[in-house]
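The values are calculated or read from the model by the stated rules, or taken from the named source; none is laboratory data. Predicted model only: the values in this text are computed from it and were never measured. Positions of Cβ are backbone-derived with ideal geometry, glycine not excepted, and every protein chain shown enters the neighbour counts. For accessibility, only protein heavy atoms count, side chains too; no ligands or nucleic acids. Shrake-Rupley method; radii C 1.70, N 1.55, O 1.52, S 1.80 Å.
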Amino acid sequence: MDLHRLLLFINILGICFPVALTYVMIMNILFRIPIQPVSIIILAFGYIVMIKSNMLFQELWNKWRNRY
């Protein structure tokens with residue numbers, strides 16, 4: 001597998017995992033299921049990594065911001 005393609009998949013997963021965990025936590029709140037403190041830490045860490053070091057996210061963010 002090409003290295004650039006592998007990095008693209010890693011960056012895509014780096015965007016998908018925090019978004020999916022956010023959805024899971026919202027569903028836990030709606031169904032009154034207790035939220036584990038580790039989930040909150042992982043969610044915060046996932047968003048920090050996504051915003052700071054994910055080049056795909058930064059490119060998509062810049063395209064979205066400059067569009068309007």
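Taking the solvent-accessible surface of protein heavy atoms with a 1.4 Å probe, what is the per residue accessible area of the chain in Å²?
With all protein chains present, the chain gives 87 Å² per residue.
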### Task
State, to one decimal in nm, how far the label point of R65 lies from the label point of I10, with both points 7 Å from Cα in the Cβ direction.
2.5
### Summary
Sparse-neighbourhood loop hits (trypsin sites (Lys or Arg not before Pro), the chain; DSSP loop; Cβ within 10 Å at most 16 others) -> R32
### Query
Build a GNM of the chain with springs between Cα atoms under 10 Å: which of L56, L43, L30 gets the top mean-square fluctuation?
L30
### Message
I'd like the per residue volume of the convex hull spanned by the Cα atoms of the chain, given in cubic angstrom.
### Response
109
#### Entry: Förster radius 30 Å - calculated FRET efficiency between L3 and F31, Cβ distance, rounded to 0.05
0.10
### Query
Using a simple spin-label model with points 7 Å from Cα along the Cα→Cβ vector, what separation in nm is obtained for Q58 and I42?
2.7
